[in-house]
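Engineer: Quick one: the structure is below, questions incoming.
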Amino acid sequence: MAANGLFWWIGAGALVLLELMSGTFYLLMIALGFIAGGIAHLFGAGLEIELLVAALVAMIAVAVLRRSKLGRRIIRRDASHDPGVNLDIGETLKVNEWHEGRARALYRGAEWDIELAPGETEGARLYRITAFSGNTLVVAAKR
């Protein structure tokens, strides 16, 4: 199959299909290597040169992808502190009475368990939601 160069084109097509299922772009870079191997075959290169060209192009493409924005790992923030996930973070609520750093307060028409964020005191009446801990709102005094 490698003798007529069809191997390179079938391999590239299979990698592109697999890439469509995974969505990582790395298989697409390897598919570029396969395409380069197929082009080297069209120019009459021997199998060793085709393999070398395919490997070099794939390695360079993967290295370029890793340095690009698409190849960088996305650092996921903890969703319990992320206002993009929990739209209530940053909202204000009133707490009337505390019991050892815990309270119950009405927020959005429902009773919620409230706890103080580390380092916060019970002296204020208005608090800002800083995070979620399960079904408990973690709050800090509003300044």
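Engineer: Select from segment 53-84 the residues that are surrounded by 13 or more Cβ atoms within 10 Å (Cβ to Cβ) and over 19 Å from M29 (Cα atoms) and write down the one among them that is modelled with the lowest pLDDT.
Structural biologist: Per the criteria, the residue is S80.
Engineer: Out of segment 21-44, which residues are touching a helix residue (DSSP H, G or I) at 6+ places or on another chain (Cβ under 7 Å) and either part of a loop (DSSP other than H, G, I, E, B) or aliphatic (A, V, I, L, M) (or both)? Explain how you work it out, then say what you get.
Structural biologist: So the first thing to find is which residues in segment 21-44 are touching a helix residue (DSSP H, G or I) at 6+ places or on another chain (Cβ under 7 Å), and the list is 25-38, 40-41.
Correct list: F25, L27, L28, M29, I30, A31, L32, I35, A36, A40.
Engineer: When residues of segment 115-124 are filtered for being exposed (fewer than 11 other Cβ atoms within 10 Å of the Cβ) and either closer than 17 Å to K94 by Cβ or in contact (Cβ under 8 Å) with a residue 24 or more places away in the chain (or both), how many remain? So that I can check it myself, show each step before the final result.
Structural biologist: Filtering segment 115-124 for residues exposed (fewer than 11 other Cβ atoms within 10 Å of the Cβ) gives 118-119, 121, 123.
Then keep just the ones that are either closer than 17 Å to K94 by Cβ or in contact (Cβ under 8 Å) with a residue 24 or more places away in the chain (or both); that gives 121, 123.
Adding up the residues that qualify gives 2.
The values are calculated or read from the model by the stated rules, or taken from the named source; none is laboratory data. Only a predicted model underlies this, so the values are computations on that prediction, with no experimental measurement involved. Cβ coordinates were reconstructed from backbone atoms using ideal geometry, including for glycine residues, and neighbour counts include every protein chain displayed.
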